[in-house]
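Below is one structure, written out as structure tokens; the observations come after it.
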Amino acid sequence: MSGVRSHQIDALRERFRGTLITPEDSSYEDCRKVWNGIFDKCPALIARCISTGDVIQAVNFARENGLLVAVRGGGHNSAGKATCDHGIMIDLSLMRRVHVDRERQLARVDGGALLGDVDSETQLHGLAVPAGIVSHTGLGGLALGGGFGWISRKYGLTVDNLVSAEVVTADGALLTASQDENQDLFWGIRGGGGNFGIVTSFELRCAEIGTEVFAGVIAKKFEHAEQYIRFHQEYVRTLPDEMTVWMVIRKAPPLPFLAKEVHGQTVILIPFVWLGDQAEGERLIKPIRNAAESHGAFSGMTPWSSWQAGFDGLVAHGARNYWKSHYLKELSSDCIAQITAFARTLPSDECEIFIPHMEGAPSRIAGDATAFAHRTPPFVLNIHTRWQDPADDQRCLGWVKAFHRATEPFAQGVYVNFLSDEGAARVRDAYTEEVWDRLVQLKNRYDPKNLFSLNQNIAPTVP
């Protein structure tokens with residue numbers, strides 16, 4: 001078994017409280033799968049942890065036996081880093097507890113928890129953790145890369161709300177990272193990904209948002225795309241932090257407020273969330289309703305947990321996914337022209353051109369305060385290419401790579417969580433030079449042998 005003998009696994013099993021799964025076990029096929037169907041890998045061993053102690057045992061076992069290590073939280077990473085061939089998958093997906101301290105407005109979240117788990121528990125108290133937009137995303141991977149969502153313009157990124165974390169390092173030590181303990185590690189895990197250890201527990205500040213938000217989706221006619229996007233890129237930048245308005249260009253899904261003849265047509269979807277009084281939200285969104293023609297719209301007071309899960313069906317597990325992304329310095333006329341040109345040739349009905357507006361609270365934090373470096377660009381372009389049939393790989397990959405190249409002149413860095421498997425040079429684009437140098441020094445200290453290499457890797461420079 002690829003460098004691991006059965007008697008070694010048997011010895012680990014004696015001190016491991018969770019479940020050890022090998023290719024011979026009936027549950028292996030299900031447990032080895034991750035969200036992105038492109039990746040069909042076969043670990044030699046899957047260590048399904050139920051405690052921090054299990055994670056330590058698995059890390060020590062991997063180090064002592066020279067195994068390639070993949071760490072799985074939600075398994076939702078576009079680059080497929082949660083799995084590997086022949087090595088060990090350290091699987092945190094059974095570690096999903098969330099404990100909320102209502103008085104202190106803090107949530108203690110296990111490393112394998114999904115965003116839906118966090119919403120379920122925090123919403124019992126009218127609270128929310130600023131995080132992502134798909135409820136079956138893992139909190140851990142998202143948080144270590146930065147983490148942004150519908151309330152981030154008001155309350156900051158996930159990393160901006162991290163108070164402390166328990167981290168299992170490459171030598172099997174358990175460290176607390178916070179402003180008071182291991183401050184260098186605390187800086188690094190807030191944007192540096194899984195390069196420095198496995199986080200088994202996050203302590204996060206919660207925002208008091210209540211249980212409902214004013215939210216909705218407006219579907220614009222694509223034939224007016226350039227006109228609308230020019231308006232959009234100016235108007236959204238005038239909005240208060242409490243309003244988040246994004247843009248998605250795709251084939252229309254069967255949304256109930258759209259006529260059946262619109263389903264499958266290319267449209268511009270404008271989803272929004274307003275944290276405040278509905279009447280004021282209506283006033284702020286009215287110019288968007290009036291800008292260019294719409295196919296239809298939905299809006300109203302919406303349960304937060306329902307909104308957070310409302311887009312899950314568009315990104316279900318098992319499809320083939322490849323993302324190319326960058327931050328945009330602006331949505332200039334030339335940039336808009338490239339976006340609309342490629343939108344006319346979407347290679348599948350599931351592809352999305354996702355353009356969230358950023359700025360707000362995260363942009364007012366210094367670029368070197370955390371390892372999340374690119375805080376000032378106003379927009380992100382994420383070209384989410386998604387399809388089902390492997391026979392379409394070449395066509396879909398060719399489209400997304402050409403689209404990405406065409407928009408490079410308008411780019412400024414990249415969000416590390418939106419990277420696919422694109423090589424070491426592209427990872428560096430997620431950081432400024434100053435931040436990168438500091439991250440390399442942290443890697444040299446906490447993982448000099450690069451045990452945690454299956455990530456958007458920051459390679460150590462020590463011999």
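If you go through the range 12-52 and keep only what is among the small types (G, A, S) and either touching a helix residue (DSSP H, G or I) at 6+ places or on another chain (Cβ under 6 Å) or under 16 Å from C84 (Cα atoms) (or both), you end up with G18, G37, A44, A47. Taking the stated definitions as given, is N77 of a type outside the set (A, V, I, L, M, F, W, C), surrounded by fewer than 24 Cβ atoms within 10 Å (Cβ to Cβ) and at negative phi? No, not satisfied. Just so you know, in the range 225-247 the residues that are among the β-branched types (V, I, T) and crowded, with 20+ Cβ neighbours inside 10 Å include one that is farthest from Y155 (Cα to Cα), and it is I229. Selection of the range 89-127 for residues being in contact with a Phe, Trp or Tyr (Cβ under 7 Å, 6 or more places away or on another chain) and in a strand (DSSP E or B) yields only V109.
For (1) in a loop (DSSP other than H, G, I, E, B); (2) surrounded by fewer than 19 Cβ atoms within 10 Å (Cβ to Cβ); (3) among the β-branched types (V, I, T), each residue gets a yes or a no:
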{"site": "I353", "(1), (2), (3)": "no, no, yes"}
{"site": "T407", "(1), (2), (3)": "no, no, yes"}
{"site": "Y431", "(1), (2), (3)": "yes, no, no"}
{"site": "E434", "(1), (2), (3)": "no, yes, no"}
{"site": "R445", "(1), (2), (3)": "no, yes, no"}
{"site": "N457", "(1), (2), (3)": "yes, yes, no"}
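Results for (1) farther than 30 Å from G126 by Cα; (2) without any contact (Cβ under 8 Å) to a residue 60 or more places away in the chain; (3) among the acidic types (D, E), shown as yes or no for each residue.
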residue: E234; (1), (2), (3): yes, yes, yes
residue: I249; (1), (2), (3): yes, no, no
residue: A252; (1), (2), (3): yes, yes, no
residue: V267; (1), (2), (3): yes, yes, no
residue: W274; (1), (2), (3): no, no, no
residue: R283; (1), (2), (3): no, yes, no
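Beta carbons closer than 7 Å, at least 6 apart along the sequence or on distinct chains, pair a first residue in the range 119-134 that is within 17 Å of R153 (Cα to Cα) and outside the structural domain of V273 (by TED's automatic domain parsing) with a second that is of a type in the set (S, T, N, Q) and surrounded by fewer than 19 Cβ atoms within 10 Å (Cβ to Cβ) for L127/Q105. Looking only at residues of the range 188-216 that are polar (S, T, N, Q) and assigned to a strand (DSSP E or B), we find that the one that is surrounded by the fewest Cβ atoms within 10 Å (Cβ to Cβ) is S201.
Scanning the range 140-151 for residues that are touching a Ser or Thr at 6+ places or on another chain (Cβ under 8 Å), outside any loop (DSSP other than H, G, I, E, B) and not small (G, A, S) gives a single hit, L142.
Restricting attention to the range 74-97, the residues being over 19 Å from the mean Cα position of the chain (by Cα), hydrophobic (A, V, I, L, M, F, W, C) and within 29 Å of L124 (Cβ to Cβ) number 1.
Quick check: is even one residue across the range 92-115 over 19 Å from A309 (Cβ atoms) and at pLDDT below 95? No, the range 92-115 contains no residue that is over 19 Å from A309 (Cβ atoms) and at pLDDT below 95.
Within the range 29-67, being in a loop (DSSP other than H, G, I, E, B) and among the aromatic types (F, W, Y) holds for W35, F39. A count restricted to the range 363-372 and to residues that are surrounded by fewer than 23 Cβ atoms within 10 Å (Cβ to Cβ) and within 19 Å of the chain's Cα centre (by Cα) stands at 1. For A219, are the conditions met, namely being touching a His at 6+ places or on another chain (Cβ under 6 Å) and assigned to a strand (DSSP E or B)? So A219 passes the test. Residue count for the range 306-347, restricted to those that are surrounded by fewer than 18 Cβ atoms within 10 Å (Cβ to Cβ), among the hydroxyl-bearing types (S, T, Y) and over 21 Å from R386 (Cβ atoms): 3.
Candidates V4, V71, V55: the one that is closer than 16 Å to D85 by Cα and under 23 Å from the mean Cα position of the chain (by Cα) is V71. Within the range 409-421, the set of residues being out of contact with any strand residue (DSSP E or B) (no Cβ under 8 Å at 6 or more places or on another chain) and either part of a loop (DSSP other than H, G, I, E, B) or surrounded by fewer than 20 Cβ atoms within 10 Å (Cβ to Cβ) (or both) comprises P409, D421. Report, by residue number, each residue of the range 391-441 that is in contact (Cβ under 8 Å) with a residue 12 or more places away in the chain and among the polar types (S, T, N, Q). The answer is T407, Q412, N417, S420, T432.
The values are calculated or read from the model by the stated rules, or taken from the named source; none is laboratory data. Fair warning: this is a prediction, and the values are worked out from it, not measured in the lab. All Cβ positions, glycine included, derive from the backbone under ideal geometry; neighbour counts span all protein chains shown.
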